[in-house]
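Here is the structure we will look at, set down as structure tokens.
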Amino acid sequence: MDELEYQVFKAIDSGRGRMIRTLQDLLKIDTQVPPGHDYDKICEILEEKYNHLGYTTSLHEASEKYMKLSGAKHICLEGPRTNLVARLNGEGDGPTLHISAHTDTAAIQKQGWSVDPFGGELTKTSKYGKSDYDKGGGYIWGRGVGDDKGETAALLLALEAMNEVGVKLKGDLVVTANCDEEIGGVAGLGYLIREGIVKANIGIQLDGSLTGIGLSAMGRTRFLIRTGGKSYHGQVPILGINAIEKMSKLNVALNDYWRNVLLKRKYETPGIDFGEGLRVKGITCPTGMLNMGTIKGGVQGATVPDTCEEEVLRGMIPGETYKDTCAEFNAVLNGVKVTDADLQYELETINFREGYVVPATDPYALECQALIQEAIGKKLPFTGTLASTDMNYQVVDGHMPCINFGVGGPYSNGHSQDENASLDEILECAKAVALITMRKLKVK
Ligand SMILES: [Zn+2]
């Protein structure tokens, strides 16, 4: 590490108090999705901070087309989908680095919180365990501290420290505070990258943890299936057509398709670990998945139901496209329909994003692994997830090699009640971001 980098790390340490205040300000804004209100308000706070650092900023509201692709009506999204793009142009030749963190949060449970989810309370310890990075600096509490407002604050702290020390960049830095990640990111980073508003050579997605470097995630398509029937008196069902019965037939076929076809569909990812929990179930790489998530139908027991609606999530391995996934899914349903003249169904897509993998041999991934080790003193393994993240837009649509890391672990209760994060860990995350950014972009 050179003198300048050392100074930046010192500035990160001494910016702790400012970082806490920023994070508390971000926590106060309720951006849980759905509905995803107040993205404009959170962007306003961040925009002012980036302007102050000399970044050029712009706000981008997803168009109606992207709202539709998000499944906005079905998911009950409300309010403008505001995204912030902040740029710092380098002074010479160098790659463009894009760093993304999302502004929305998972929904807040009405019950079971022992702290105010918007409060940003500070404690010495966490009753849910200890972060590996905790050096006694305490914990902060509230929805988003680990996913993803803590990362947003870590990123800002890293860039403030670089500014304070006077780091000059040769390549361009593009930072996005993008919305709607938790419900698919279509109107957030999806919009920014697919519309060409954000273009870069390399990327960092700050939506993970410091337990591993995320290189792979699944895609998904959320389908809505509707079956129709003919209502009749429930004691004379022979004269009606039962929409729930028809959905059950489709579900038998979908279950067979999942267990016997999809579970055998694998995308080998050597060198990327999907975790012990999945390994005991025989899953060591992206594998086709299917979940029947909701089912609704009928009005009462004494009436033959004439409608039934079900939501199904289809987990797609890297390389599976939305188009092929849709065609195959339809073929499964159609295979049932041809055996039953009374079976009527409609298939709708709520939204989708495709899966990705950055190989464990990718030079950028390996370089970042070494830099993170230099920054935090730990060599993190390459990891993958069956869930999905906004990194898919960076890799699949933006064609940039990318890595994912961030804040939080088993102790931090991401998406659950009492979300908390170690402050020391947020600072470590900031150091990792700063070191990668400097080594890739800094004027030597
Ligand atoms: Zn997240």
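What follows is calculated from the coordinates using simple rules that are stated; it is not laboratory data. Every value quoted in this text rests on a predicted model; they were computed, and no experiment measured them. All Cβ positions, even for glycine, are placed from backbone atoms using ideal geometry, and neighbour counts span all protein chains on display.
Just want to confirm a number: the relative contact order over the chain, from Cα pairs under 8 angstrom separated by 6+ residues, in percent. Write down the numbers at each step before the final one.
Numbers: 1029 pairs, mean separation 110.6, N = 444.
Taking the mean separation of contacting Cα pairs over the length of the chain, I get 25 percent.
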Check: Cα gyration tensor of the chain, axes a ≥ b ≥ c as square roots of the eigenvalues: rounded (a/c below 1.5), prolate (a/b > b/c) or oblate?
Finding: prolate
Next item on the list: Please list, in chain and number order, the residues 5+ apart from PHE382 or on another chain whose amide H is under 5 Å from its amide H, with Hs placed from the backbone.
Entry: ILE213, ASP273
Item checked: Amide proton proximity set for ALA107, modelled H, under 5 Å, gap of 5+ -> VAL33
Notebook entry, point to check: Do the alpha carbons of any pairs in LYS68/LYS246; LYS266/LYS337; LYS296/LYS337; LYS135/LYS378; LYS49/LYS444; LYS41/LYS442 sit beyond 22 Å of each other, and which pairs?
Noted result: LYS68/LYS246; LYS266/LYS337; LYS49/LYS444; LYS41/LYS442
Note to self: Below 12 angstrom from the Cβ of MET316, what's the summed charge of the other residues (Lys, Arg +1; Asp, Glu -1)?
What the structure shows: +2
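With 10 angstrom as the radius, rank ARG226, ARG279 by how many other C-beta atoms surround their C-beta, starting from the fewest.
ARG279, ARG226
Roughly how big is the chain's charge dipole about its Cα centre, with Cβ charges of +1 (Lys, Arg) and -1 (Asp, Glu), in debye to the nearest 20? Don't skip to the end; give the middle numbers.
Details: 47 positive and 59 negative charges, 128 e Å.
With Lys and Arg at +1 and Asp and Glu at -1, about 620 debye.
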Next item on the list: Return the single residue from TYR66, TYR50, TYR128 with maximal mean-square fluctuation; model: Gaussian network over the chain, springs between Cα atoms under 10 Å.
Entry: TYR128
Notebook entry, point to check: How much net charge surrounds VAL198 when only the other residues with a Cβ under 13 Å from the Cβ of VAL198 are counted, with Lys and Arg +1 and Asp and Glu -1?
Noted result: -1
Item checked: Fewest-first ranking of VAL8, VAL396, using other Cβ atoms within 10 Å as the exposure measure -> VAL396, VAL8
Item checked: Helical mean residue ellipticity (222 nm; -39500 (n - 2.57) per DSSP H run of 4+; nearest 500) of the chain -> -10000 deg cm²/dmol
Notebook entry, point to check: What are the DSSP H helices in the chain that stretch 15 Å or more along their long axis, judged by alpha-carbon atoms, and whose average Kyte-Doolittle hydropathy comes to at least 0.0?
Noted result: 149-165, 363-376, 423-441
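Semi-axes of the equivalent ellipsoid for segment 220-352, please: Cα gyration tensor eigenvalues, times 5, square-rooted, ordered largest first, whole Å. Let's see the in-between values first.
Values: eigenvalues 234, 42, 29 Å².
After diagonalising the Cα gyration tensor, the semi-axes are 34, 14, 12 Å.
What Kirkwood hydrodynamic radius, in Å, does segment 295-395 give when the mean of 1/r is taken over all pairs of distinct Cα atoms and then inverted? Don't skip to the answer; put the middle values down first.
Working: mean 1/r = 0.0558 Å⁻¹.
Final number for the Kirkwood radius of segment 295-395 is 17.9 Å.
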Item checked: Interatomic Cα distance distribution for segment 1-144, bins of 10 angstrom, percent -> 9, 28, 34, 22, 7, 0
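Would you list PHE118, PHE274 from fewest to most Cβ contacts within 10 Å? Before the final figure, lay out the partial values.
Details: PHE118 15, PHE274 18.
The order, fewest Cβ neighbours first, is PHE118, PHE274.
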